[in-house]
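First the structure, in the form of structure tokens, and then the observations on it.
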Amino acid sequence: MSVSQKKSGLVFVPTLLTLGNGVCGLGSISMATLGPDELGETTAILCAGVFIFVGMTFDGLDGYVARLLKQTSQFGAELDSLCDAITFTVAPVFIMLSLTDVFPLRFLWGIGVLFMLCGLLRLARFNVELAPDDEHEWFRGLPTPAAAGTLASFAVALPAGQRLVADTMSEASRQLGEQMIVFTKYSLPVLTVALAWLMVSRIRYPHIFSQWTRGQWNLFNLVRLIFVAVAVVTVHELALPLVFCYFALGRPVAVWMRFVGIRFRGVFSFRHLPRKSV
């Protein structure tokens, strides 16, 4: 069998990976809404978050496999956006709604609508602005998978916090777990609004998967990898929210600090003062 015949037999693999992403989105919504009655609240929320991460894996692989097999097409790009809309703009809203109950439902629903609309705008803008010769190494605005993964990371970390609460052997661990659960309930809606704004912003975010697969390793990427490894080893499941919040909020904080630094340098600079005449 020739190489071309082998590739033609794999022509549907990228499409199947893309559709797998959409299936994961539906699975996450099902777990967040129907899962608590069947599996229990903790297990259902954990599964809802895991489905998002599995969908992210499919989303990262479909484009890579399509380029590898030279099967990229406009059909694949449009299908990818449709599946992304399910998994990364709709499903995370149900996770947010299931993780917090300290605010009125109308308020939370409005935040969910804002997140979904900003995610859809982000996907549409990406499709319009993507150039055919773009190497796809940087994003304008927070990618929708990263925004969805940030919310899903709290769903994965929630069982760890509940285990700390159930741990009667350590009072400190129990208090830490209770504080983490309360913090999640109050901060998640605020974080959802921030993620919605970041998706439609113009802040540059690196395409980590693309850069790493192209062999573009630098010191900053190495530091990032070390940070992730240390977080996973030390706090296990709790590392996911830390890592995703660092990726989502790190660059806007850096931009803000740079802007504030420029303003302070302007305020304390004496260049604008008139010179004294001699």
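Every number here is computed from the coordinates shown, using simple stated rules; none is lab data. This is a predicted model, so every value here is computed, not measured. Note: ideal-geometry Cβ built from the backbone for every residue, glycine included; neighbour counts use all protein chains shown.
Derived from the Cα gyration tensor, the three semi-axes of the equivalent ellipsoid of the range 57-121 are 33, 12, 6 Å, largest first. Counting every pair of alpha carbons in the range 1-110, the share spaced more than 21 Å apart comes to 46 percent.
Using 0.36 nm per residue and subtracting the Cα-Cα separation, the extra length available between Gln179 and Asp37 on full extension is 48.5 nm.
Computed from the Cβ-Cβ distance with R0 of 35 Å, the FRET efficiency linking Tyr186 to Val23 stands at 0.60. Packing, taken as the mean count of other beta carbons within 10 Å per residue, orders the peptides 69-79, 144-154 from highest to lowest as 144-154, 69-79.
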